[in-house]
Amino acid sequence: MCYDVIIIGAGPGGIFSAYELVQNNPGMKIAVFEAGHALSKRRCPIDGDKVKSCIGCKSCSIMSGFGGAGAFSDGKYNITNDFGGTLYEYIGKQKALELMRYVDEINMRYGGEGTKLYSTAGTRFKTVCIQNDLHLLDASVRHLGTDINYVVLENLYAYLKDKVEFFFDTPVQSVDVLEEGYRIHTAGDAYDCKNCIISVGRSGSKWMEKICKDLDIPTRSNRVDIGVRVELPAAVFAHLTDELYESKIVYRTRQYEDLVRTFCMNPKGAVVNENTNGIITVNGHSYEDPAKQTDNTNFALLVAKHFSEPFKDSNGYGESIAKLSNMLGGGVIVQRFGDLIRGHRSTPSRIAEAFVTPTLSATPGDLSLVLPKRILDGIIEMIYALDKVAPGTANDDTLLYGVEVKFYNMEVEVDDQLQSRHKGLYIIGDGSGITHSLSHASASGVHVARSISAN
Ligand SMILES: Cc1cc2nc3c(=O)[nH]c(=O)nc-3n(C[C@H](O)[C@H](O)[C@H](O)COP(=O)(O)OP(=O)(O)OC[C@H]3O[C@@H](n4cnc5c(N)ncnc54)[C@H](O)[C@@H]3O)c2cc1C
């Protein structure tokens, strides 16, 4: 079987490259290989009743399948170069923003119309933050919400399914470089193509490392972000979230001068488990539909760590910390802020008596036994700093879930077309280590599709 383009991975990067290829080249022969299920078959078995925590499915429906890691996400498309990836370093700031806006237009056309676009432009909170030693980053954020994000994916699939050949539950095992083009191998078959786009996301990080070794593609170690997910009554952050929806706030700790930042804010949302290569960490999302909203807001507080010499394995460091929390808690640990400050382990009764009701069933425990002192000290310092702009953040009953780890793939060497040293082999999205968000991953997909169309 020979295709013009084979796309490996059907996350936002893969979907938007397929979309743009179809738009620019009607009749082009395109195949998408996806390790996970079709969108309609993606279902995480955790129901909070019979299945309370992760059972380690062969293909994790949260991370894999049509829509990628973003399918059940909050659908926050941040249009900014300030965070979410470094795509602008390859294609320029203006182009990166243009592509993110283009992706936003498509999302609006495919079911997202009517959703709100928030912006930090002109907000008075910037001043309030600076006055309290906190820094609000600039962004426009389109909040689709988990429910509308799903509708957009359904519509994009309906549009693509007759124009592109989809192979679900079909992980690609290896890629060979041919004299002209590429051959990909699945469990039982082999397929050839002229151009190959690899967009395997974070769940494909180990596979990506192997492919880079096999094909002699240079890589660089990336950072890892480690921290906790904070959950508190929605009223505490309502003045910020009502205006901005999500605020990315950075704080430099006095003790170590480390940067701690808020990440992935989910007003009236829920805390969820995340499974990366069998390690259970924590994440969060929220719904646009008021009927599905909760009384709590959650967000992550993260500290970035980057190792280079002599130890290079930043992800390995993050994995070890997450494994420790899995070992002590059987999964994610939850602790009241008051218990953490007083050096107590949280117990089921202390959690049950708290005024904040957890939205995730996690094991009450002690995060100080898991997180390195430097990271934990930074997080505690930031909670007190946030308390000045959002009084109530440092309340005893504020819940901390750990650990939250943001793994980044090692950065793959590509040129300004996101093409590797092999002509026609493109590496995009979170799998390239260049992006780590829905908007940047999608924009990288549009960018390669246009490069292929122009060649
Ligand atoms: C719970 C959660 C909430 C999030 N919320 C947000 C948010 O609100 N805003 C935001 O900007 N970002 C969010 N993110 C991050 C966002 O989802 C990712 O940045 C984005 O999905 C990256 O897109 P991608 O296409 O590069 O990779 P992915 O979405 O990870 O897709 C890669 C796909 O490749 C497949 N794959 C992997 N290996 C192979 C292989 N060997 N063969 C075939 N297929 C393979 C995987 O199954 C997967 O479906 C969230 C992530 C999670 C997990």
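Quick test for you: out of Thr398, Thr359, Thr393, pick the one residue that is within 16 Å of the ligand (Cβ to nearest atom) and touching a residue at least 40 places away in the same chain (Cβ under 8 Å). Break it down into steps so the answer makes sense when it comes.
Working: Thr398 fails: within 16 Å of the ligand (Cβ to nearest atom); Thr393 fails: within 16 Å of the ligand (Cβ to nearest atom).
Result: Thr359 is the single residue among Thr398, Thr359, Thr393 that is within 16 Å of the ligand (Cβ to nearest atom) and touching a residue at least 40 places away in the same chain (Cβ under 8 Å).
Looking at region 278-334, which of its residues are assigned to a loop (DSSP other than H, G, I, E, B), at pLDDT 85 or above and away from the ligand (no atom under 16 Å from the Cβ)?
Asp295, Gly330 - these are the residues of region 278-334 that are assigned to a loop (DSSP other than H, G, I, E, B), at pLDDT 85 or above and away from the ligand (no atom under 16 Å from the Cβ).
Hey, does region 223-241 have a residue that's in a loop (DSSP other than H, G, I, E, B), touching a Lys or Arg at 6+ places or on another chain (Cβ under 8 Å) and closer than 26 Å to Lys323 by Cα? Break it down into steps so the answer makes sense when it comes.
From region 223-241, those in a loop (DSSP other than H, G, I, E, B) are 223; that's our starting set.
If we keep only those that are touching a Lys or Arg at 6+ places or on another chain (Cβ under 8 Å) as well, we get 223.
Then drop every residue that is not closer than 26 Å to Lys323 by Cα, which leaves 223.
Yes: one or more hits.
Does any residue of region 133-145 turn out to be among the hydroxyl-bearing types (Ser, Thr, Tyr) and in a loop (DSSP other than H, G, I, E, B)? Don't jump to the end; show me each part of the working.
Quick first cut of region 133-145, residues among the hydroxyl-bearing types (Ser, Thr, Tyr) only: 140.
Going one step further and asking which of them are in a loop (DSSP other than H, G, I, E, B), we end up with none.
Looking through region 133-145, none of the residues is among the hydroxyl-bearing types (Ser, Thr, Tyr) and in a loop (DSSP other than H, G, I, E, B).
Based on what the data block shows, is Tyr3 more than 10 Å from the ligand (Cβ to nearest atom), of a type outside the set (S, T, N, Q) and assigned to a strand (DSSP E or B)? I'd like the intermediate steps shown before the answer.
On the way: more than 10 Å from the ligand (Cβ to nearest atom): yes; of a type outside the set (S, T, N, Q): yes; assigned to a strand (DSSP E or B): yes.
Yes; evaluated as a whole, the condition is true for this residue.
Looking at Lys116, is it away from the ligand (no atom under 11 Å from the Cβ), among the basic types (Lys, Arg) and free of Cβ contacts under 8 Å to residues at least 60 places away in the same chain? Lay out the reasoning, then the answer.
Details: away from the ligand (no atom under 11 Å from the Cβ): yes; among the basic types (Lys, Arg): yes; free of Cβ contacts under 8 Å to residues at least 60 places away in the same chain: no.
Criteria not met by Lys116.
Those residues that are among the charged types (D, E, K, R) and within 19 Å of His440 (Cβ to Cβ), I need them from region 41-80; list them, please. Break it down stepwise before answering.
The first filter runs over region 41-80 and keeps only residues among the charged types (D, E, K, R), leaving 41-43, 47, 49-50, 52, 58, 74, 76.
Passing the criteria: Asp74, Lys76.
Looking at Glu274, is it within 16 Å of the ligand (Cβ to nearest atom), of a type outside the set (Gly, Ala, Ser) and touching a residue at least 40 places away in the same chain (Cβ under 8 Å)? First the steps, then the outcome.
Values: within 16 Å of the ligand (Cβ to nearest atom): yes; of a type outside the set (Gly, Ala, Ser): yes; touching a residue at least 40 places away in the same chain (Cβ under 8 Å): yes.
Against the criterion (within 16 Å of the ligand (Cβ to nearest atom), of a type outside the set (Gly, Ala, Ser) and touching a residue at least 40 places away in the same chain (Cβ under 8 Å)), Glu274 qualifies.
Select, from Ile341, Ile375, Ile351, Ile380, the only residue that is over 17 Å from Phe237 (Cα atoms), under 23 Å from the mean Cα position of the chain (by Cα) and not in a loop (DSSP other than H, G, I, E, B). Walk me through how you get there before you give the answer.
On the way: Ile341 fails: under 23 Å from the mean Cα position of the chain (by Cα); Ile351 fails: under 23 Å from the mean Cα position of the chain (by Cα); Ile380 fails: under 23 Å from the mean Cα position of the chain (by Cα).
Result of the check over Ile341, Ile375, Ile351, Ile380: Ile375.
Would you be able to say whether some residue in region 186-204 is modelled with pLDDT under 95 and more than 11 Å from the ligand (Cβ to nearest atom)?
Within region 186-204, one or more residues are modelled with pLDDT under 95 and more than 11 Å from the ligand (Cβ to nearest atom).
What's the number of the condition Asn409 fails, among (1) away from the ligand (no atom under 12 Å from the Cβ); (2) surrounded by 22 or more Cβ atoms within 10 Å (Cβ to Cβ)?
(1)
Would you be able to tell me the number of residues in region 42-86 that are touching a Pro at 6+ places or on another chain (Cβ under 7 Å) and among the β-branched types (Val, Ile, Thr)?
Of the residues in that region, 2 qualify.
For residues in region 26-70 being under 14 Å from the mean Cα position of the chain (by Cα) and modelled with pLDDT of 90 or more, which is farthest from the ligand (Cβ to nearest atom)?
Filtering region 26-70 for residues under 14 Å from the mean Cα position of the chain (by Cα) gives 62-64, 67-70.
Now narrow it down to the ones that are modelled with pLDDT of 90 or more: 64, 67-69.
Values: Ser64: 3, Gly67: 7, Gly68: 2, Ala69: 4 Å.
Step by step, filter region 26-70, then rank; the result is Gly67.
I need every pair where a residue in region 91-105 that is acidic (Asp, Glu) has its Cβ under 8 Å from the Cβ of a residue that is surrounded by fewer than 18 Cβ atoms within 10 Å (Cβ to Cβ), sequence separation at least 6 or different chains.
Listed pairs, sorted by first residue: Asp104/Leu117.
Output yes when any residue across region 23-46 is touching a Leu at 6+ places or on another chain (Cβ under 6 Å), closer than 17 Å to Tyr426 by Cα and either surrounded by 22 or more Cβ atoms within 10 Å (Cβ to Cβ) or hydroxyl-bearing (Ser, Thr, Tyr) (or both), and no when none is.
Yes: one or more hits.
Report, by residue number, each residue of region 149-174 that is assigned to a loop (DSSP other than H, G, I, E, B), surrounded by fewer than 21 Cβ atoms within 10 Å (Cβ to Cβ), within 13 Å of the ligand (Cβ to nearest atom) and not polar (S, T, N, Q). Steps first, answer last, please.
Step one: list which residues in region 149-174 are assigned to a loop (DSSP other than H, G, I, E, B), which gives 161-164, 168-173.
Restricting the remaining residues to those that are surrounded by fewer than 21 Cβ atoms within 10 Å (Cβ to Cβ) gives 161-163, 168-171, 173.
Retained after the next criterion (residues that are within 13 Å of the ligand (Cβ to nearest atom)): 168-171, 173.
Answer for region 149-174, where residues must be assigned to a loop (DSSP other than H, G, I, E, B), surrounded by fewer than 21 Cβ atoms within 10 Å (Cβ to Cβ), within 13 Å of the ligand (Cβ to nearest atom) and not polar (S, T, N, Q): Phe168, Asp169, Pro171.
Can you tell me which residue among Asp416, Asp396 is in a loop (DSSP other than H, G, I, E, B) and under 30 Å from Lys95 (Cα atoms)?
Details: Asp396 fails: under 30 Å from Lys95 (Cα atoms).
Going through Asp416, Asp396 in turn, just one is in a loop (DSSP other than H, G, I, E, B) and under 30 Å from Lys95 (Cα atoms): Asp416.
Do we find a residue being acidic (Asp, Glu) and either in contact with a Ser or Thr (Cβ under 8 Å, 6 or more places away or on another chain) or within 12 Å of the ligand (Cβ to nearest atom) (or both) anywhere in region 235-248? Full working, then the answer.
Here is the first cut: in region 235-248, the ones acidic (Asp, Glu) are 242-243, 246.
Add one more test, that the residue is either in contact with a Ser or Thr (Cβ under 8 Å, 6 or more places away or on another chain) or within 12 Å of the ligand (Cβ to nearest atom) (or both), and what stays is 243, 246.
Yes, that holds for at least one residue.
Quickly run through region 190-221 and pick out the residues that are assigned to a loop (DSSP other than H, G, I, E, B), out of contact with any strand residue (DSSP E or B) (no Cβ under 9 Å at 6 or more places or on another chain) and exposed (fewer than 15 other Cβ atoms within 10 Å of the Cβ). Walk me through how you get there before you give the answer.
Applying the first criterion (assigned to a loop (DSSP other than H, G, I, E, B)) to region 190-221 yields 199-204, 215-218, 221.
If we keep only those that are out of contact with any strand residue (DSSP E or B) (no Cβ under 9 Å at 6 or more places or on another chain) too, we end up with 201, 216.
Correct list: Asp216 only.
Looking at region 134-148 only, could you name the residues that are among the charged types (D, E, K, R), within 18 Å of the chain's Cα centre (by Cα) and surrounded by fewer than 21 Cβ atoms within 10 Å (Cβ to Cβ)? Steps first, answer last, please.
So in region 134-148, the residues among the charged types (D, E, K, R) come out as 138, 142, 147.
Filter again for within 18 Å of the chain's Cα centre (by Cα), leaving 142, 147.
Result: Asp147, single match.
The values are calculated or read from the model by the stated rules, or taken from the named source; none is laboratory data. Being a predicted model, the structure only gives us computed values, none of them experimental. Cβ atoms come from the backbone with ideal geometry, glycine included; neighbour counts cover every protein chain shown.
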